[in-house]
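First the structure, in the form of structure tokens, and then the observations on it.
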Amino acid sequence: MRKGTLLTLVLALSTAASAQSTIKIGAITSITGRFAEFGKMQQAGFKVAVDEVNRKGGVLGKKIELVVEDNASDVNKGLAAAERLVNAGVPLVLNEYSSSLVKAQAQYLARQKVPNLVFTSSGDDITKPGNDYIYRMNQPATEYAKVILNIFRDNKFKSMAIIAGTGAFEKSVADAAQTIAKGYGIQVVEDQRYDKGLTDFRPVLNRIKGKNPDGILMVSYAEDSVALMRQAREVGVKPRLYAGGAAGFALPEFVKDSGSAAENVITATAWIPQLRYPGVQKLNVELKKALGGADPSYHAAQAYAAVLVAAEAIKKAGGTDREKIKDALNGINMTTAFGPISFKDFDGFKNQSPLAMVAQQVQGGKFVPVYPKTVVPKAIKFER
């Protein structure tokens, strides 16, 4: 055997051994495009979790490695990203943020019989009716509406208005709010849905102003949430309480970019650093470090927990066989700094984690917890 051939063979064997020394886990997020702000949070969570798992010895004696694909905030590019991960042979995929994108990605992965863990997206129809290969850590959109409507009910609101985008998440939250409001005896005096690209909300806000509702529920993504609140203040709408159905309203950038217009806005969220789960404060510090000092949103904490769940499922499965990992996910029951995680079937949802929701309010230019009592809430401040 010639020396050059031998060297080539040795390098090939070395490369193969190196490839086998890690366990690769697929992940899809929005690194670019309109949801990139959420993708930045998720990448921070990924990094903190991967470092933690590998520092503790990895999984089954091997380090884990994330193969992250960018869906560019686009449905078709998301499907292409999912296909690349399937072809790469990853044992499961962490599936990310926007409900419109995630639903398509999740359904494609399920058809390929690849377990996928939806860790941030909330559209009800992702796990209702669901699929054997789709698991979700985050609560469905219905719960985001419920925590806000519970606050309205507890404070004896008689009327409310809804402004929501027409995307899957926004629609799910707004539709749920309509149903819950009816059950609580709260009259919805205005329900306005808008298409992506609308920048002038003043006509809608003026109509709502004329009806003087006790509460206003707004459901929109990052860029719209800032415009909505600035224009609401400009128009002079004054409900007792403004509420955001998570998404853009739950990001630290909403407070920063809206300035004083964000004051007293309440929003539903899946995680805050004031929760009493083991390791919450340590996680908050690590996420801030990964974000260069910026405050993390719940999206970062969810991404962190998703990696831990994936690692635990692979460990329980004893390897990277997709069917065994699916079976292992069914038996997951673990506590993380994001919260307790298990997957159950309830209320028509399948493989859904029954996570408790919380609410926070902007007070003095920063988010503080206001609901429920388990987070040691501060008193809610009302507009009137």
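Summed over region 149-173, residues that are in a helix (DSSP H, G or I) and under 17 Å from the mean Cα position of the chain (by Cα) total 6. Determine if region 136-157 includes at least one residue that is surrounded by fewer than 24 Cβ atoms within 10 Å (Cβ to Cβ), farther than 19 Å from residue 247 by Cα and basic (Lys, Arg). Scanning region 136-157, I find at least one residue that is surrounded by fewer than 24 Cβ atoms within 10 Å (Cβ to Cβ), farther than 19 Å from residue 247 by Cα and basic (Lys, Arg), so the answer is yes.
Among the residues of region 29-82, just one is among the aromatic types (Phe, Trp, Tyr) and modelled with pLDDT of 95 or more, namely 46. Say whether the condition of being surrounded by fewer than 24 Cβ atoms within 10 Å (Cβ to Cβ), in contact (Cβ under 8 Å) with a residue 60 or more places away in the chain, closer than 25 Å to residue 166 by Cβ and out of contact with any helix residue (DSSP H, G or I) (no Cβ under 7 Å at 6 or more places or on another chain) is met by at least one residue in region 113-128. Within region 113-128, one or more residues are surrounded by fewer than 24 Cβ atoms within 10 Å (Cβ to Cβ), in contact (Cβ under 8 Å) with a residue 60 or more places away in the chain, closer than 25 Å to residue 166 by Cβ and out of contact with any helix residue (DSSP H, G or I) (no Cβ under 7 Å at 6 or more places or on another chain).
The set of residues in region 228-258 being surrounded by fewer than 20 Cβ atoms within 10 Å (Cβ to Cβ), not basic (Lys, Arg) and not in a helix (DSSP H, G or I) consists of 236 alone.
From the list 301, 305, the lone residue that is in contact with a Ser or Thr (Cβ under 7 Å, 6 or more places away or on another chain) and within 17 Å of residue 42 (Cα to Cα) is 305. The residue that is nearest to the chain's Cα centre (by Cα), among those in region 174-219 that are modelled with pLDDT under 95 and either within 12 Å of residue 158 (Cα to Cα) or in a loop (DSSP other than H, G, I, E, B) (or both), is 196. On inspection, residue 150 qualifies as more than 30 Å from residue 71 (Cα to Cα) and in contact (Cβ under 8 Å) with a residue 40 or more places away in the chain.
Among the strands (runs of 3 or more DSSP E) confined to region 307-376, the ones with at least 1 residues that are touching a strand residue (DSSP E or B) at 6+ places or on another chain (Cβ under 9 Å), of a type in the set (S, T, N, Q) and on the phi > 0 side of the Ramachandran plot are located at 349-352. Of the numbered criteria (1) modelled with pLDDT under 95; (2) surrounded by 24 or more Cβ atoms within 10 Å (Cβ to Cβ); (3) not assigned by TED's automatic domain parsing to the domain that holds residue 223, the one residue 170 fails is (3).
Taking (1) buried (at least 23 other Cβ atoms within 10 Å of the Cβ); (2) under 20 Å from the mean Cα position of the chain (by Cα) in turn, residue 280 satisfies each apart from (1). Look at region 285-304: where a residue is free of Cβ contacts under 8 Å to residues at least 12 places away in the same chain and a partner is surrounded by fewer than 24 Cβ atoms within 10 Å (Cβ to Cβ) and charged (D, E, K, R), sitting 6+ places away or on another chain with Cβ atoms under 7 Å, you get 288/295. Going by what's in this entry, would residue 294 be described as surrounded by fewer than 18 Cβ atoms within 10 Å (Cβ to Cβ), of a type in the set (A, V, I, L, M, F, W, C), in the same structural domain as residue 86 (by TED's automatic domain parsing) and under 20 Å from the mean Cα position of the chain (by Cα)? Yes: the conditions hold for residue 294.
Going by what's in this entry, would residue 285 be described as of a type in the set (Val, Ile, Thr), loosely packed, with under 14 Cβ neighbours inside 10 Å and at positive phi? In short, no. Considering 109, 60, the condition of being crowded, with 20+ Cβ neighbours inside 10 Å and assigned by TED's automatic domain parsing to the domain that holds residue 305 is satisfied by 109 alone.
Does residue 285 satisfy the criteria of being assigned to a helix (DSSP H, G or I) and in contact with a strand residue (DSSP E or B) (Cβ under 8 Å, 6 or more places away or on another chain)?
No, not satisfied.
The values are calculated or read from the model by the stated rules, or taken from the named source; none is laboratory data. Note that this is a predicted model, so its numbers are computed, not measured. Please note: Cβ atoms are built from the backbone with ideal geometry, for glycine as well, and neighbour counts cover all protein chains shown.
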